[in-house]
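A.B. asks: This is the structure I want to talk about, given as structure tokens.
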Amino acid sequence: MKKIILMTIMCIMTLSAMAQIKSVDVKGNLRGDFGLGVGVTMPLQENIDFSPSFNYYFSEGATYTIDADLHFNLEQGWSVYPLVGLLWFHHAPKMGEGDINKIGANIGGGARYNIDSQWAVLAEAKYQWVSNFNETFFSI
């Protein structure tokens with residue numbers, strides 16, 4: 001698990017060297033269990049942002065997702081956006097049942113309020129379609 005987190009952090013650092021980063025996001029995720037996530041938001045075009053993230057869930061075994069979402073910003077000041085994206089789902093149950101790895105899709109929306117040039121508050125809801133692991137979750 002430590003290797004995966006380290007690799008994710010290194011990927012985010014590499015992205016920051018390649019593209020202009022709009023924000024680094026740290027979030028709490030609520031679904032059937034609680035999780036923490038880290039990601040970045042990068043502008044692609046005037047009203048479209050790319051937002052990859054890594055989310056780890058505190059459940060039986062090890063569960064995490066790697067998401068790659070697009071945000072379509074509708075307003076300025078307050079950023080209100082629908083989102084679509086892809087995800088990679090990993091679950092390693094206890095008791096040696098074997099790891100589960102699946103590709104899925106995200107659909108949802110969110111709102112972001114910029115407190116100042118360095119801080120913002122974000123609330124997001126999305127539905128993840130992953131075979132036998134569909135889940136709705138909320139991020140703050």
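The values are calculated or read from the model by the stated rules, or taken from the named source; none is laboratory data. Here the structure is a predicted model, which is why all the values come from computation and not from measurement. Cβ coordinates were reconstructed from backbone atoms using ideal geometry, including for glycine residues, and neighbour counts include every protein chain displayed. Accessible surface is based on the protein model in full, side chains and every heavy atom, while ligands, DNA and RNA are left aside. Shrake-Rupley method; radii C 1.70, N 1.55, O 1.52, S 1.80 Å.
A.B. asks: List the pairs whose first member sits in region 24-48 and is under 16 Å from Ser79 (Cα atoms), whose second member is polar (S, T, N, Q), and whose Cβ atoms are under 6 Å apart, counting only residues at least 6 apart or on separate chains?
C.D. replies: Listed pairs, sorted by first residue: Thr41/Ser23; Thr41/Ser51; Asn47/Asn73.
A.B. asks: Select from region 91-140 the residues that are among the acidic types (Asp, Glu) and farther than 20 Å from Asp49 by Cα and list them in ascending order. I'd like the intermediate steps shown before the answer.
C.D. replies: Of region 91-140, the ones among the acidic types (Asp, Glu) are 97, 99, 116, 124, 135.
Answer for region 91-140, where residues must be among the acidic types (Asp, Glu) and farther than 20 Å from Asp49 by Cα: Glu97, Asp99, Glu135.
A.B. asks: Could you list all residues from region 55-82 that are assigned to a loop (DSSP other than H, G, I, E, B) and either among the charged types (D, E, K, R) or within 16 Å of Glu135 (Cβ to Cβ) (or both)? Working first, answer last.
C.D. replies: Initial filter on region 55-82 (assigned to a loop (DSSP other than H, G, I, E, B)): 59-61, 73-77.
Passing the criteria: Ser59, Glu60, Gly61, Glu75.
A.B. asks: Related question: Looking only at region 83-136, count how many residues are within 24 Å of Leu44 (Cβ to Cβ), in a strand (DSSP E or B) and either open to solvent by less than 30 Å² (accessible area, probe 1.4 Å) or hydrophobic (A, V, I, L, M, F, W, C) (or both).
C.D. replies: Looking only at that region, the number is 24.
A.B. asks: Here's something else I'd like to know. What residue, among those in region 38-56 that are within 12 Å of the chain's Cα centre (by Cα) and not small (Gly, Ala, Ser), is farthest from Ser23 (Cα to Cα)? Explain how you work it out, then say what you get.
C.D. replies: Initially, region 38-56 is screened for residues within 12 Å of the chain's Cα centre (by Cα), giving 38-41, 50-56.
Okay, now just the ones that are also not small (Gly, Ala, Ser), so 38, 40-41, 50, 52, 54-56.
Numbers: Val38: 11, Val40: 6, Thr41: 5, Phe50: 11, Pro52: 11, Phe54: 15, Asn55: 17, Tyr56: 20 Å.
Looking at the filtered set, the residue picked out is Tyr56.
A.B. asks: With respect to Ile66, is the statement that it is in contact (Cβ under 8 Å) with a residue 12 or more places away in the chain, of a type in the set (Val, Ile, Thr) and surrounded by 15 or more Cβ atoms within 10 Å (Cβ to Cβ) true? Break it down into steps so the answer makes sense when it comes.
C.D. replies: Working: in contact (Cβ under 8 Å) with a residue 12 or more places away in the chain: yes; of a type in the set (Val, Ile, Thr): yes; surrounded by 15 or more Cβ atoms within 10 Å (Cβ to Cβ): yes.
It is true that Ile66 is in contact (Cβ under 8 Å) with a residue 12 or more places away in the chain, of a type in the set (Val, Ile, Thr) and surrounded by 15 or more Cβ atoms within 10 Å (Cβ to Cβ).
A.B. asks: Related question: Residues in region 31-45 that are surrounded by fewer than 14 Cβ atoms within 10 Å (Cβ to Cβ) and at pLDDT below 80: how many?
C.D. replies: Of the residues in that region, 2 qualify.
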